[in-house]
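**Q** Mind looking over this structure? Questions follow.
The values are calculated or read from the model by the stated rules, or taken from the named source; none is laboratory data. All values reported here derive from a predicted model rather than from experimental measurement. Neighbour counts are summed over all protein chains in view; Cβ atoms, including those assigned to glycine, are modelled from backbone coordinates with ideal geometry. Ligands, DNA and RNA are excluded from the accessible area calculation, which covers all protein heavy atoms including side chains. Shrake-Rupley method; radii C 1.70, N 1.55, O 1.52, S 1.80 Å.
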Amino acid sequence: MNSDSGDEYGSCSTTESKARRRLEHLSLHLLPLRTSDCLLSTALLSGGIGLEDDEVAGPVMVGGMVMDIHAIPATPALPRTTTPGTVQYMRGGVGRNVAECVSKLGAKPFMISTVGQDPAGNLLLEHWTSVGLSTQGIQRRHDVGTAVICNIFDLDGELASAVASVDAIEKYLNPEWILNFKDSISSAPIVMIDANLNSSALEVSCQLAAKSGTPVWFEPVSVTKSKRIASIVKYVTIASPNEDELIAMANAVSYKDKAMFEPVKVNDETSVKSLFWTLKPAIQVLLEAGIKAVLVTVGSRGAFLCSKGWPGCLNIGPKVPKLHGFGKQLYESLLPIRPSIKFTTSREIHAASVVALHYPCLPASVVKLTGAGDCLVGGTIASLCSGLDLFQSVAVGIASAKAAVESDTNVPNDARSAVSAAKLIHPQLVP
């Protein structure tokens with residue numbers, strides 16, 4: 001890994017002490033914030049925190065800021081012993097990754113999260129301020145450690161297993177903190193919530209968005225946490241599960257104690273059409289529950305954008321986008337993208353219980369697979385905020401995911417140049 005990328009905080013042998021010394025050494029160069037620095041005055045608490053008069057509202061992300069530890073073996077891992085390889089520290093967290101991707105594509109995200117006063121928190125916040133993003137919504141606490149996730153990969157770059165220590169998010173990214181930023185949420189073109197939040201925090205975030213008609217994007221994070229959709233499904237505009245998360249979400253919405261759908265079994269012979277028809281009943285459950293669109297990621301097969309009617313009728317994003325900078329370039333260059341229509345009549349489309357567009361993956365030289373889903377979401381949200389419609393925006397998301405798997409960081413440094421590949425994507429209606 002190239003240390004100039006800015007996303008690598010150490011590459012070492014699997015000896016834990018060396019990795020920890022590296023973090024502690026870096027933290028000496030950072031000025032830790034006092035607890036009082038992140039507490040709000042009584043006046044701010046009573047009115048919330050909003051935008052200046054001349055400031056353009058950007059998307060709001062409510063979710064995790066995490067220090068990712070990537071353990072990459074050089075040889076097949078064996079049980080009950082150590083394995084040679086490298087350990088890398090990277091900025092991570094679903095909400096944080098999405099926000100970083102959004103910022104690199106021209107939008108100005110507002111992050112609501114929490115970190116500890118420790119080396120990991122220092123590193124996450126140093127980067128946030130260095131790229132000009134607001135830390136106003138990021139709570140800093142001395143009584144909890146920053147969330148850390150240790151990811152162990154196999155030789156193909158696939159995630160083999162992971163251990164998550166995310167108490168900081170579960171306990172302290174709570175309704176009381178989120179309510180401080182009700183004005184930011186109400187003025188946002190879209191709010192993304194990740195399922196690292198506890199149920200109360202998810203509900204408050206959704207209720208604040210609902211009061212102003214702000215679209216809500218739900219990112220499931222994991223199979224276990226995706227089930228938290230059950231209490232907020234009526235508020236969600238769009239969700240972005242993979243196949244396994246989709247099944248878990250549909251079961252949670254349908255029956256709280258009884259599974260209705262079994263995990264999907266896919267092999268190399270499974271066609272795109274067959275896979276969609278296998279997933280369709282679960283997709284339909286979510287749409288019937290009130291979600292307007294479901295973006296199902298299906299690995300190397302790409303993604304399905306699904307809705308009860310024609311997806312082009314969905315209004316997600318700012319009503320009148322203020323185009324400037326790279327957002328304007330994005331809008332102008334990708335405006336021509338349209339899906340290939342295979343239905344014979346519009347009546348046929350409206351008669352379908354689920355209308356699905358398939359977005360194929362772009363060919364990629366895969367380095368690793370983590371971060372791809374987050375960048376798909378980030379690329380899509382940034383494009384919606386620039387004025388592109390959902391068709392075009394998902395194409396940008398697919399291109400952003402391609403850039404992510406070709407990068408050794410969670411969010412590629414050169415995300416802007418990568419999205420030009422969106423022009424090569426031709427979504428097709430699934431019959």
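**Q** Give the peptides 406-414, 82-90 in descending order of average Cβ contacts within 10 Å, highest first.
**A** Details: 406-414: 20.4, 82-90: 17.8.
My ranking of the peptides, most packed first, is 406-414, 82-90.
**Q** Under 8 Å for C-alpha pairs, at least 6 residues apart: give me the relative contact order for region 222-291, rounded to a whole percent.
**A** Values: 69 pairs, mean separation 29.1, N = 70.
Computed value for region 222-291: 42 percent relative contact order.
**Q** Alpha carbon centre of region 127-166 versus region 376-431: separation in Å?
**A** Measuring centre to centre over Cα atoms gives 23 Å.
**Q** At 1.4 Å probe size, with every protein chain present, just tell me what the per residue accessible area of region 346-431 comes to in Å². It would help to have the intermediate numbers written out before the result.
**A** Details: 2820 Å² over 86 residues.
Result: 33 Å² of accessible area for each residue.
**Q** Near the amide H of MET65, under 5 Å away, which other amide H atoms are found, from residues 5 or more places off or on another chain, if H is placed in the peptide plane?
**A** Amide H neighbours of MET65: THR114.
**Q** If you don't mind, another one. With a/c under 1.5 counting as rounded, go ahead and sort region 164-255 into rounded, prolate or oblate using the C-alpha gyration tensor (a ≥ b ≥ c being the square roots of the eigenvalues; past the cut-off, prolate if a/b is larger than b/c, else oblate). Intermediate results must be reported in sequence, preceding the final value.
**A** Values: a/c = 2.06, a/b = 1.32, b/c = 1.56.
Oblate, since a/c reaches 1.5 and b/c is not below a/b.
**Q** What number comes out for the charge environment of GLU203, summing +1 per Lys or Arg and -1 per Asp or Glu over other residues with Cβ under 11 Å away?
**A** Details: positive: ARG228, LYS234; negative: none.
Net of charged neighbours comes to +2.
**Q** Taking R0 as 30 Å, what FRET efficiency do you get between VAL266 and THR83 from their Cβ-Cβ distance, rounded to the nearest 0.05?
**A** So the FRET efficiency works out to roughly 0.55.
**Q** Take peptides 149-161, 193-205, 392-404, 373-385 and line them up by average Cβ neighbours within 10 Å, highest first, as a rough protection proxy. Don't skip to the answer; put the middle values down first.
**A** Numbers: 149-161: 14.5, 193-205: 23.2, 392-404: 28.6, 373-385: 30.3.
Going by the mean number of other Cβ atoms within 10 Å, highest first, we get 373-385, 392-404, 193-205, 149-161.
**Q** Two decimals, Cα atoms only, Kirkwood Rh: what is Rg/Rh over region 97-184? Show your work: numbers first, answer last.
**A** Details: Rg = 14.7 Å, Rh = 14.5 Å.
Rg divided by Rh gives 1.01.
**Q** Simple spin-label model, 7 Å along Cα-to-Cβ: ALA210 to THR224 in nm?
**A** Modelled inter-label distance: 2.8 nm.
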